[in-house]
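The values are calculated or read from the model by the stated rules, or taken from the named source; none is laboratory data. This is a predicted model, so every value here is computed, not measured. Positions of Cβ are backbone-derived with ideal geometry, glycine not excepted, and every protein chain shown enters the neighbour counts. All accessible areas refer to the heavy atoms of the entire protein, side chains included, with ligands and DNA or RNA removed. Shrake-Rupley method; radii C 1.70, N 1.55, O 1.52, S 1.80 Å.
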Amino acid sequence: MKILITGATGYVGGKLLPKLVQSGHEVTCMVRDASRFNPDLRGAQVVEADVLHPGTLPSALQGIEVAYYLIHSMGGGVEGFAERDRRAARNFAVAAKQAGVQRVIYLGGLTSRNSPVSLHLKSRQETGVVLRESGPPVTEFRAGIIVGNGSLSFEIIRCLTERLPVMICPRWVMTRTQPIAISDVLDYLVAALDVPESAGEIVEIGGASVETYRSMMLTYARIRGLKRWLLRVPVLTPRLSSYWLNLVTPFPAAITRPLIEGLRTEVVCGDDRAAKLFPGIIPMRYGAAVEEAVSGTGPDRSIHQMISRDTRHIALRRQGYICDVRQLHIKAPAAHVFGVLQGLGGKSGWLYANALWQLRGWIDRLMGGIGMSRGRTGGATLQAGDAVDFWRVEDIVPGERISLRAEMKLPGRAWLQFALVAESRDRTLLSCYAWFEPRGLAGELYWALLYPIHVLIFRGMVKAIARQSEDTFRVQAAAFQGS
């Protein structure tokens, strides 16, 4: 089936794309700037178009059978987002109908009957109305909080619960809601392709348990092994709540305020249409969804596609992880750089600030950890499972990457990853990723206090790796020419 995904760079769209490709569909991703998007999936194509510029849409929709509409205008700013949503939906629906698209599948927002509706949720439902009025038949799914790494609502719950042992909460923490796992949302979106009876239907989807925001935070804390206390106060407006979130989380008030206003709206499914149309999908309870989200084995490598090769240093947060990225262009082949990376640790040290590495190992031993006593358990060539001081080789691809997982005592989990990209025969891009998944406030404080030292160590280490790689390459090249 020929499918178009709008919003492919967004949270849901980015996760839907590989599922559709793996199912054998011919998928096209509609983005505003193709140069900034690389799906890295065989069979997926990219087309440039903008729903706010209707003239760009006909070519993107040509030959498409089903289109997923996963766009909203919050990214363009809070002011006027509802009007932009309506205009975008109308432009897309008209173009889709003219192009002969058979159906549009739309993911909107869930509300409960007789419950006050925020401007954000009202806009999501108005978008569905415009799509139905102006375009092909629509399958509209309505969901509340989506539980999964990268979901803004879930990331807010994660940040608050991880960072604050005691939380002062407004009355909306007792509002009932029916969160749903991202895996269940994707199952519904994909299954709709094979259920033509869902065309023209509004399908409310939610998880197997009805929660309050209080119970969601306490359940998250229990699963993470954290003790948290929530104190309710009678006066804390959505505006004040958004400013508070801006203070204690990395999300700006302009983004969180519309979401906070929606937290006063009860979000519970009002019918069983989802079960009747999709009997094979059994949504999981909230606790299981959280366990699925936080049980990951470590950070994925999709971040590599997000960072420009010209970026020398950037620090960011992603799906519960903190990452410090350092990149350097090295005048040496990738094989030489990889050889230097393979020699790190043990008696050879880490090429820079070895005294600080030894000090960190000594502190780890005092805390009951392994310290630096193991050295290197493998030979000169590293393999997965080898120990390197207080690291363990988790993944290794010769000439391309090495991933080390920390086994020291930490208030969280940590990884050190190196990735190589051969830019030419004698030029290589080295990327060094220092990952940390903080656990609770102790983890946040640990990262904040040690970050200046991390900057010193990793910046110096990357430069030292580059210097040694270039030196060995020059020596070898000179010896070759001399012979």
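For a distance above 17 Å, tell me the whole-number percent of Cα pairs in the stretch 397-483 that qualify. Distances greater than 17 Å cover 61 percent of the Cα pairs. Beta bridges from DSSP with both residues in the chain: antiparallel share about 55 percent, rounded to the nearest 5. Taking the C-alpha atoms only, the angle from helix 253-262 to the longest principal axis of the chain is near 40 degrees. Computed with a 1.4 Å probe over protein heavy atoms only, the accessible surface of the chain comes to 46 Å² per residue.
Over all orientations, the stretch 262-366 has a Cα convex hull whose mean projected area works out to 14.1 square nanometres. Only alpha carbons enter this Debye calculation for the chain, each as an equal point scatterer, and the log10 of I(q)/I(0) it gives at q = 0.06, 0.08, 0.13 Å⁻¹ is -0.33, -0.58, -1.25.
Relative to the Cα centre, the charge distribution of the stretch 317-457, modelled as +1 at Lys and Arg Cβ and -1 at Asp and Glu Cβ, gives a dipole magnitude of about 120 debye. Straight-line cross-link partners of residue 97 among the lysines, defined as a Cα under 22 Å from its Cα and at least 8 positions apart when in the same chain: 2.
Starting from the Cα gyration tensor of the stretch 336-427, take the square roots of the eigenvalues, sort them a ≥ b ≥ c, and report rounded, prolate or oblate (rounded when a/c is under 1.5, otherwise prolate if a/b is larger than b/c, else oblate). Prolate. With the simple spin-label model, which puts each label point 7 Å out from Cα in the Cβ direction, the residue 463 to residue 94 separation comes to 5.8 nm.
The long axis of helix 213-224 is offset from the longest Cα principal axis of the chain by roughly 30 degrees. Judged by the gyration tensor of its Cα atoms, with axes a ≥ b ≥ c, the stretch 147-189 is oblate; a/c meets the 1.5 cut and b/c is at least as large as a/b. The residue among 99, 153, 278 whose Cα reaches farthest toward the positive pole of the charge dipole of the chain, with charges on the beta-carbon of Lys, Arg, Asp and Glu, is 153. Within the accessible surface of the stretch 395-451, defined with a 1.4 Å probe on protein heavy atoms only, the carbon and sulfur portion equals 56 percent.
Between residue 313 and residue 426, the simple label model (points 7 Å from Cα in the Cβ direction) yields a spacing of 3.0 nm.
Helix content alone sets the calculated 222 nm mean residue ellipticity of the chain: runs of n ≥ 4 DSSP H residues at -39500 (n - 2.57) each, divided across all residues, give -12500 deg cm²/dmol. Ranking 335, 366, 43 by how far each Cα lies toward the positive end of the dipole of the chain (charges on Cβ) leaves 366 at the top. Rounded to the nearest 0.05, what FRET efficiency do residue 248 and residue 295 give with R0 = 22 Å and r taken as the Cβ-Cβ distance? Could you check? E between residue 248 and residue 295, to the nearest 0.05, is 0.30. Rolling a 1.4 Å probe over the protein heavy atoms of the stretch 328-368, with every protein chain left in place, gives an accessible area that is 63 percent carbon and sulfur. Roughly what would the spin-label model give for residue 454 and residue 381, points 7 Å off Cα along C-beta, in nm? Here the modelled spin labels are 3.3 nm apart. Between helix 119-134 and the chain there is an angle of about 70 degrees, using the helix long axis and the longest principal axis of the Cα atoms. Here the chain is assigned +1 on the Cβ of each Lys and Arg and -1 on the Cβ of each Asp and Glu. Its dipole about the Cα centre then comes out at about 1300 debye.
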